[in-house]
Amino acid sequence: MTQFRARPAVDRYTGPAITLHWLIAILIAGAFWIGFVMTDIPGFTPTKLKYFSWHKWIGVTVFALVVLRTIWRLTHRAPPLPAGMARWQRGASHVVHFLLYILMVAVPVSGYFYTCAAGVPVVYLGLVELPVVIAKDPVLRDVLKQVHITLDWILLGAICVHLLAVLKHLVIDRDGLLSRMMPFGR
Ligand code: HEM
């Protein structure tokens, strides 16, 4: 007799999910690094303008990859969490992951809106001029600048919480959670 079985629980993320995770992580680290360096450069030097462009291109790329990752997440199940994990930890992990998704979209979008309101079109990789979604507006520019900077700090905070949780699983729980997201993990 034919038996219908429930899909076996996967204990690792898939290749595309792992690739997107690490690509996005590296690009976000780069966007933060260039973001802090470029805003520290006084005046308007060619180097500063070059860093601004790189920052915007990285941010736009992060946005595109996060859209892909969200589609993956909505169409795939994440591997189940370790059996012994406390309920509050499961809840906290879902909240932080959800917050990370929201912020990974909101941060580049706020930066993009800010740039549009400042009247500076984004020419992606120096090749493709991206659409201007907000007309030049000095008042809105100042508001969106603050929004972008505030969201940057909230994202940084959420990333720190995420990293601390990973560290706890690695050092204290030793439950192999990190290997689910490692390219060559078991
Ligand atoms: C993951 C994506 C992004 C991250 C993590 C990020 C992060 C940052 C950080 C850390 C700063 C410095 C904030 C400070 O002064 O304390 C910054 C500034 C800035 N970002 Fe982003 N950003 C991202 C995406 C974008 C995008 C997509 C754009 C525009 C297309 C953009 C435009 C800007 C601009 C113009 C500034 C300079 C703000 C100023 O005038 O001082 N950012 N960003």
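A short reminder: the numbers here are calculations on the coordinates, not readings from a lab. Since we're looking at a predicted model, the values are computed, not measured. All Cβ positions, glycine included, derive from the backbone under ideal geometry; neighbour counts span all protein chains shown.
How high is the relative contact order of the range 35-117, in percent, counting Cα pairs under 8 Å that sit 6 or more residues apart?
Relative contact order for the range 35-117 comes out at 41 percent.
Based only on other Cβ atoms within 10 Å, what is the fewest-to-most ordering of Val132, Val66, Val95?
Val95, Val132, Val66
Quickly rank 33-42, 112-121 as a protection proxy: mean count of other C-beta atoms within 10 Å, highest first.
Sorting 33-42, 112-121 by mean packing, highest first, produces 112-121, 33-42.
Among the trypsin sites (Lys or Arg not before Pro) within the range 61-151, which fall in a DSSP loop and have no more than 13 other Cβ atoms within 10 Å of their own Cβ?
Sparse-neighbourhood loop trypsin sites (Lys or Arg not before Pro): Arg77, Lys136.
Could you calculate, for the range 24-71, the ratio of the Cα radius of gyration to the Kirkwood radius, expressed as Rg to Rh?
Ratio of gyration radius to Kirkwood radius for the range 24-71: 1.08.
Take the cross-link list Lys56/Lys168; Lys48/Lys168; Lys48/Lys136 and give me the ones stretching past 27 Å between alpha-carbons.
Lys56/Lys168; Lys48/Lys168
Given H placed on each backbone N at 1.01 Å, which residues far from Gly119 in sequence or on other chains put an amide H within less than 5 Å of it?
Asp137
How large is the direction-averaged shadow of the alpha-carbon convex hull of the chain, in nm²?
For the chain, averaging the hull's shadow over all directions gives 14.8 nm².
Which whole-number percentage describes the relative contact order of the chain, with Cα contacts under 8 Å and a sequence gap of 6 or more?
Relative contact order for the chain comes out at 24 percent.
Only loop residues by DSSP count here, and only those with at most 13 other Cβ atoms within 10 Å; note down the chymotrypsin sites (Phe, Trp or Tyr not before Pro) in the range 39-103 that meet that.
Of the chymotrypsin sites (Phe, Trp or Tyr not before Pro), the ones in loops of the range 39-103 whose Cβ has at most 13 other Cβ atoms within 10 Å are Phe44.
For the range 156-165, in order, what is each residue's ³J(HN,Hα) by Karplus, 6.51 cos²θ - 1.76 cosθ + 1.60 with θ = phi - 60°, in whole Hz (x at glycine and Pro)?
Using θ = phi - 60°, the values come out as 4, x, 5, 5, 4, 4, 4, 5, 5, 5 Hz.
Semi-axes of the range 92-186's equivalent ellipsoid from the Cα gyration tensor, sqrt of 5 times each eigenvalue, largest first, rounded to whole Å?
36, 16, 9
Please report the relative contact order for the range 87-144, taking Cα pairs under 8 Å with a sequence separation of at least 6, and give it as a percent rounded to a whole number.
Taking the mean separation of contacting Cα pairs over the length of the range 87-144, I get 31 percent.
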